Amino acid sequence: MFNSLRTRLMVVYTLIIFITIAAVDVLILSDYFRSRLQERTITYFTYGNIAANLVSANSSDVFYISRTLEQYTQTTGARFLLIDSRSVVVSDGANHYTGELLTNPQVRKALSGSSSWAVYDNGGKNLQLAVPVTTGGRDSLEVVGAVLISADIGDLYDSYRSLRWRVILTSLLAGLMGMLFSFAAAHHLSRPLHKLIAFSKRLSRGRLGEQVNIKRNDEIGQLADTINIMSADLHRIEQNRRRFIGDVSHELKTPLASIKALVEALLMGSNAPEEKYREFLEDVIGEVDRLSMLISRLLTYTRLEEERLKREYLTLSDIAADTVRIMTPLAASHNVILENKARMDIRVPCDKNLVREMLVNVIDNSIKYRDRAKAVNKIEITDGRTFDTYRLEISDNGIGIAEQDLSRIFEGFYRSEPSRSREIEGYGMGLSIVKRIADLHGWDVSAKSQPGRGTTIVLSIPLQFK
Ligand code: ADP
C-alpha cells in the first residue's frame, strides 16, 4: 500500500500539515501565556511601588497604612502585606499574618534592595512579588521594609487551558480538512498516472494508434502528449511495415505467377516448335532477372537500415561529375544528353558510394522517364547555395510527374500511373532508396515537376560551420 504514489503523497502532505499546525500552536500558546503573565506582573509592580512610596511617606501612621493596604487588597483581589526590616509582617491586607515572620525569597531580595517576582504552586497558582520600602535621600537610601503582594493567578492558567483546548480542536479540524484536501490533491495527481499506466499496457499489447485523453498544462499533460505522439508514430511505423511486406509479397508474386504461367504453357504445348520453346524460356529468364533485380533492390534498401555511414569530407560536384561519366553511355544509348554543370567546391561529410548510388538512381529515372515525343532529351546537374544550405539539382525535360503523385514518389513501391501503364521497367524502390540515403546523411530531398515539361530532384544539404 505504501508503494502507491497516492498513499505516499497523502502521508507526506498530512505530516507537513500536522507538523506546521503543531509548531504554530505551541508558539501561539506559549506567547499568549507569557504576555498575559507579564501584564499581570507589571500591574502588580505598579501597585507595589505606589504602596511602597505611600508607606515610606507615612511611616509614622501605621493605622493609615494598614487601612490603605486593606483597601488595595479589596479592590485588586491580591493580598498586600507590609514587612519590616526584620521580616516581620507589620500589616496584612487580609489580616492573617500580622506579627508573623515571613522570609520567602522575594521578601529577602526586597529587604536587600531589589524587587523580584515568582510563581508558586501551593494548591493553586500564586504570583508573589515584593518591592523594597526605602527612606532617606538619593545618597543615604535605607531599606526599612518591603511590600509583598501575593496574587492568585489561577484564572490566567484557566484561560490558558481553555484557549489551549480551543486551539487544539481548531487545529485538529484544520488538520482533518488539510488531510481531505491532500487526499484530493494526491488523487488528482495519481489518477492520470494510473490512466497512463493502463494506456501504456494497452500499447504494449499492440493497440497502437490509440490516444489517451488527458488534458493538463503540467508535466503529466506533457507526458500524455508525448505518449500520444509515440502511439501515433508506432502505429504509422507498424502500418508502413505491413504495407511494405504486402508490397514486397505482391511484387514477388507477379513475376512468380508469370513464370508459372509460362512453364505451364511449355508443359502443355508439347508439340510446339523449338522457337516457341526458346521464346517462352527467354521470357522465363526475363522474369527471373526481374525477380533477382527486385531482390537486390530490396537488399540494398534493407541494408541501408543498419548501414553505418563511412563519412568523408568530399566535394559533391566531383561525385556528380564521376557519376555523370559512368552514366553517359547509358544516357547516350537512349539519345539523352547528360551534362554536369555543378561546379561549387564545397566539401560536406558524406559516404561516397551511397551518394553515387543516390545519383545513379535519380539519373536512371530521368533516362527511363524521358519524353520519347521530344526531339532532344536532356538531363542537367547544377548546384547552388544559400548562407547555410548547399543544393544539388538534377533536372530533366522528361514526361514529368502529376501533382497528386509528387508527394508519394519517395514512398517504397509507389509508381505513378503513367509509368505503370507505359510498362517502364521499375519497382518503385529507386526514390525510396534515394530518400533513405538522404535521411541517413541528414539531408532533405524533394521533387518539383510539371507533367510534359520535366522533373527536378533537389538535394538540400545543411552546411555545418566549425
Ligand atoms: P521506379 O522503379 O518506378 O522508377 P522510383 O522510386 O525510382 O521507382 O520512382 C517512383 C515513381 O516516381 C516512378 O514510378 C515514376 O512514376 C516517378 N518518377 C521518378 N523519377 C521520375 C522522373 N525523372 N520523371 C518522371 N517520373 C519520375
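Some observations on this one:
- Residue pairs meeting the criteria (Cβ under 7 Å; at least 6 apart or on separate chains; first outside the structural domain of residue 426 (by TED's automatic domain parsing) and farther than 14 Å from residue 286 by Cα, in segment 239-262; second at pLDDT below 85 and among the aromatic types (Phe, Trp, Tyr)): 247/413; 251/413; 251/427
- Members of segment 407-451 that are more than 19 Å from residue 363 (Cβ to Cβ), modelled with pLDDT of 90 or more and assigned to a helix (DSSP H, G or I): 439, 440
- Residue satisfying all of: in segment 368-390; buried (at least 20 other Cβ atoms within 10 Å of the Cβ) and within 15 Å of residue 327 (Cβ to Cβ); nearest to the ligand (Cβ to nearest atom) among these: 369
- Residues in segment 291-322 that are open to solvent by less than 70 Å² (accessible area, probe 1.4 Å), in contact (Cβ under 8 Å) with a residue 40 or more places away in the chain and among the charged types (D, E, K, R): 297, 307.
- Residues located in segment 59-80, provided they are outside any helix (DSSP H, G or I) and in contact with a Ser or Thr (Cβ under 8 Å, 6 or more places away or on another chain): 59, 78, 79, 80
- Of the residues making up segment 49-58, those that are touching a residue at least 60 places away in the same chain (Cβ under 8 Å) and either of a type in the set (D, E, K, R) or out of contact with any Ser or Thr (no Cβ under 7 Å at 6 or more places or on another chain) (or both) number 4.
- Sole exception among (1) within 22 Å of residue 463 (Cα to Cα); (2) away from the ligand (no atom under 13 Å from the Cβ) for residue 339, by number: (1)
- Enumeration of residues in segment 275-320 that are modelled with pLDDT of 85 or more, not charged (D, E, K, R) and not in a helix (DSSP H, G or I): 313, 314, 315
- Inclusion of residue 324 among residues that are aliphatic (A, V, I, L, M) and within 15 Å of the ligand (Cβ to nearest atom) is not warranted.
- Here 145, 137 are screened, and the one residue that is assigned to a loop (DSSP other than H, G, I, E, B) and in the same structural domain as residue 32 (by TED's automatic domain parsing) is 137.
- Filter pass, residue 57 being out of contact with any Asp or Glu (no Cβ under 6 Å at 6 or more places or on another chain) and under 30 Å from residue 120 (Cα atoms): no
- Pairs are defined by a Cβ separation below 7 Å, a sequence spacing of at least 6 or placement on different chains, a first member in segment 444-456 that is open to solvent by 80 Å² or more (accessible area, probe 1.4 Å), and a second member that is away from the ligand (no atom under 11 Å from the Cβ); the pairs so defined are 444/438; 444/460; 448/458.
- Annotation: of all residues in segment 105-139 being in contact (Cβ under 8 Å) with a residue 40 or more places away in the chain and over 18 Å from residue 39 (Cβ atoms), the one that is surrounded by the fewest Cβ atoms within 10 Å (Cβ to Cβ) is 135.
- Per-region count, segment 50-70, residues within 17 Å of residue 130 (Cα to Cα) and open to solvent by 60 Å² or more (accessible area, probe 1.4 Å): 2
- When segment 71-104 is filtered for residues that are under 20 Å from residue 135 (Cα atoms) and open to solvent by 30 Å² or more (accessible area, probe 1.4 Å), the ones remaining, listed by number, are 85, 86, 88, 90.
- Within segment 1-30, residues that are of a type outside the set (Gly, Ala, Ser) have Cβ atoms under 7 Å from residues that are not in a helix (DSSP H, G or I) in these pairs: 7/1; 8/2, counting only partners at least 6 apart in sequence or on another chain.
- Qualifying residue in segment 242-260 (condition: over 60 Å from the mean Cα position of the chain (by Cα) and loosely packed, with under 11 Cβ neighbours inside 10 Å): no
- Being farther than 30 Å from residue 296 by Cβ, over 18 Å from the mean Cα position of the chain (by Cα) and not hydrophobic (A, V, I, L, M, F, W, C) is a property that residue 207 has.
- Segment 76-93: number of residues that are within 20 Å of residue 43 (Cα to Cα) and of a type in the set (Gly, Ala, Ser): 3
- Failed item in (1) within 8 Å of the ligand (Cβ to nearest atom); (2) on the phi < 0 side of the Ramachandran plot; (3) in contact (Cβ under 8 Å) with a residue 40 or more places away in the chain, with residue 393 passing the rest: (1)
- The lone exception for residue 433 - which of (1) buried (at least 20 other Cβ atoms within 10 Å of the Cβ); (2) more than 30 Å from residue 241 (Cβ to Cβ) it fails: (2)
- From the list 190, 182, 162, the one residue that fits, being under 30 Å from residue 16 (Cα atoms), polar (S, T, N, Q) and at pLDDT 90 or above, is 162.
- Condition met for residue 461 (in contact (Cβ under 8 Å) with a residue 40 or more places away in the chain and either more than 8 Å from the ligand (Cβ to nearest atom) or not assigned by TED's automatic domain parsing to the domain that holds residue 346 (or both)): yes
- Residue list for segment 323-355, filter: open to solvent by less than 10 Å² (accessible area, probe 1.4 Å), under 22 Å from residue 309 (Cβ atoms) and touching a strand residue (DSSP E or B) at 6+ places or on another chain (Cβ under 7 Å): 342, 348, 350
The values are calculated or read from the model by the stated rules, or taken from the named source; none is laboratory data. In this text, all values refer to a predicted model and were calculated from it rather than measured experimentally. When we count neighbours, we look across all protein chains shown, and the Cβ atoms used for this are built from the backbone with ideal geometry, even at glycine. With ligands, DNA and RNA removed, areas are computed over all heavy atoms of the protein, side chains included. Shrake-Rupley method; radii C 1.70, N 1.55, O 1.52, S 1.80 Å.
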